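Enquirer: Below you will find the structure I want to go over with you.
The values are calculated or read from the model by the stated rules, or taken from the named source; none is laboratory data. None of these values were measured; they are calculated from a predicted model. Every residue, glycine among them, receives a Cβ derived from its backbone with ideal geometry; neighbour counts consider all protein chains shown.
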Amino acid sequence: MMNADGCVAPTLDEFRELARTHRVIPVVRTLIADGHTALGLYQALAGDRPGTFLLESANGDTWSRWSFIGVRSPAMLTERNGRAVWVGRAPAGLPAGQAPLAALRETLELLHSPRLPGLPPLTGGLVGYLGYDAVR
């Protein structure tokens, strides 16, 4: 499903079909950026905005195929007084007010995106940090 430079995937018909069973659908526009590094692109896109990330994949000393950059996150799931709370504009119908790990589990189920051939292994979802103490 990877495309030539500038092409968008999936097609509109494929998107409509996927939308019947999924709330989140990856839409990808392929751009050739041979003259740029992941860090340079991240810095240009993220600026000083909060809630951004750069995930670099590596296998030992060898770089892997994908780098993941996230900016403009609409919402964040956090915990206050032992309860899950959304900060920002969370999509409608997401759990809140319950135990954080239960809310996280339910959110992952609700926002599960389909795996599409040729796309990176991470095409959407929750990215963040869950500390050891939180799961103990």
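Enquirer: Any idea which residue in the stretch 15-38 is surrounded by the most Cβ atoms within 10 Å (Cβ to Cβ), counting only those that are without any contact (Cβ under 8 Å) to a residue 40 or more places away in the chain and part of a helix (DSSP H, G or I)?
Expert: 38
Enquirer: Cβ contacts < 7 Å: first residue farther than 15 Å from residue 72 by Cα and surrounded by 13 or more Cβ atoms within 10 Å (Cβ to Cβ), restricted to the stretch 40-61; second residue among the hydrophobic types (A, V, I, L, M, F, W, C) and at pLDDT below 90, any location; separation 6+ or different chain. Result?
Expert: As it stands, the answer is 55/68; 56/38; 57/66, since those pairs meet every condition given.
Enquirer: Name the single residue, out of those in the stretch 69-126 being among the β-branched types (Val, Ile, Thr) and under 14 Å from the mean Cα position of the chain (by Cα), that is surrounded by the fewest Cβ atoms within 10 Å (Cβ to Cβ).
Expert: So, considering only residues that are among the β-branched types (Val, Ile, Thr) and under 14 Å from the mean Cα position of the chain (by Cα), the one surrounded by the fewest Cβ atoms within 10 Å (Cβ to Cβ) is 71.
Enquirer: On to the next question. For the stretch 78-136, what are the residues that are in a loop (DSSP other than H, G, I, E, B), over 30 Å from residue 9 (Cβ atoms) and modelled with pLDDT under 90? Walk me through how you get there before you give the answer.
Expert: Just the residues of the stretch 78-136 that are in a loop (DSSP other than H, G, I, E, B), to begin with: 81-82, 89-99, 111-131, 136.
Then keep just the ones that are over 30 Å from residue 9 (Cβ atoms); that gives 81-82, 95-99, 129-131, 136.
Matches in the stretch 78-136: 129, 130, 131, 136.
Enquirer: Ok, one more. What number of residues within the stretch 39-67 are at pLDDT 85 or above and either under 16 Å from the mean Cα position of the chain (by Cα) or assigned to a strand (DSSP E or B) (or both)? Working first, answer last.
Expert: Within the stretch 39-67, the first condition is being at pLDDT 85 or above, and the residues that meet it are 39-49, 52-55.
Retained after the next criterion (residues that are either under 16 Å from the mean Cα position of the chain (by Cα) or assigned to a strand (DSSP E or B) (or both)): 42, 45-46, 52-55.
Qualifying residue count for the region: 7.
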